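Some notes on the structure that comes next.
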Amino acid sequence: MKDGHQGKEVSVSQRQIYILSLLSENPKGYEAEEIRNRLKNWNIEVSRRTILRDIDELSLNYGIGEEERGGKTYFFADKYTLKNVDFTIEDLASLAFTKEILKEYIHLDMGQHATLLVNKIVEQSASLNQLQFEKLCSHFQQGGIRNGAKDEVNPQIEKIIQNAIDSQKKLEIEYYSFTSDESQKRVIHPYRLLLIDSYLCVEGYCELRKEIRRFRVSRIKEIEQLDEKFQMQTETDKTDRAFLKLTGAQVEDIELVFTGESIRYVKEYEAGRAKWIEERADGLYFYQTAAVAPDVIRWIRGFGPEVDVIRPTWLADQLKEEARKRLEKKE
């Protein structure tokens, strides 16, 4: 038995939501052993002691009461319902907007559940709300949604990571690295899940590299939650190693100078990628500190002759050599 339960693997938070739902559905309440048996029906096996601990934790944030009847303690909670709630137009517009934004993350298990939750909130409210919501959904549309077509995330791996974060358990993963083009086993301490340009990543301490790294979940080929727990480091990396999507080990100062039409483009669309930008008479100066991964180099190449690399000097030399070879081929 692991962490007081067996059967279906669920996080502590998920289990407590199950319990809160049970306590909300029956005004007479449930005794701890009844709750335990109900959870068994969902293939969640826990001890009575775990049930009582979960109820204690839930009672800190929710109105859970208890009552002695026939020598037994029954627990109950007020049922929360939206049946009598009327949303304002602004509320419904926000829900419609949220549903449209979630389309970009529908390839993720969390994205699918979040979409279902939005629908559930509206369906449980007044019928007029539902009609208005349907109209408002047509008012919002995102352009250029990738829908994760090239980033297939295994929902089981996603759930294992969430459970490990919740229980602070180490993970052993087999991870394919784009930079090295090889798979390698690593033990990581998962701290949090991140969304980077709709790509789901797990950030945590890597025992192999001895530093905090980000791992794209779709590149995790095998995963196993270990029994060993970890303590989150109090200090995290002060520097974001990911400039675009890829990360690297060596962080460097990046200084670029944009000229011509690229100035207007960078100010309008790419300024958020910089630590800061500064417009001078000879061009737009772009500053960042990050790992110069392959996608960063491709991004810089895309501006052609309208960008000059000042730092790092090795990259400036590399791009000049590439330009020289292209000229030779044309001759």
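Residue by residue through the range 116-145, note down the ones that are more than 15 Å from residue 93 (Cβ to Cβ), of a type in the set (A, V, I, L, M) and open to solvent by 60 Å² or more (accessible area, probe 1.4 Å). Break it down into steps so the answer makes sense when it comes.
Start the filter on the range 116-145 by keeping residues that are more than 15 Å from residue 93 (Cβ to Cβ), which leaves 116-117, 119-120, 123-124, 126-127, 142-145.
When the remaining residues are screened for being of a type in the set (A, V, I, L, M), the result is 116-117, 126, 145.
Hits for the range 116-145 are 116, 117.
Quick check: anything in the range 313-323 at pLDDT below 95 and assigned to a strand (DSSP E or B)?
no
In the range 280-305, what residues are surrounded by 12 or more Cβ atoms within 10 Å (Cβ to Cβ) and either part of a strand (DSSP E or B) or touching a residue at least 60 places away in the same chain (Cβ under 8 Å) (or both)?
Within the range 280-305, 283, 284, 285, 286, 287, 288, 289, 290, 291, 293, 294 qualify.
Acidic (Asp, Glu), at pLDDT 85 or above and closer than 30 Å to residue 126 by Cβ: which single residue out of 90, 66 fits that description?
The unique qualifying residue is 90.
Give the range 199-211 a look and list any residue that's open to solvent by 20 Å² or more (accessible area, probe 1.4 Å) and assigned to a strand (DSSP E or B), or say none.
199, 203, 205, 211
The values are calculated or read from the model by the stated rules, or taken from the named source; none is laboratory data. The shown structure was predicted, so the numbers you read here are calculated from the model rather than taken from an experiment. Note that we place each Cβ from the backbone using ideal geometry, even for glycine, and neighbour counts take in every protein chain shown. Just so you know, the surface numbers come from the protein's heavy atoms only, side chains and all, with ligands and any DNA or RNA stripped out. Shrake-Rupley method; radii C 1.70, N 1.55, O 1.52, S 1.80 Å.
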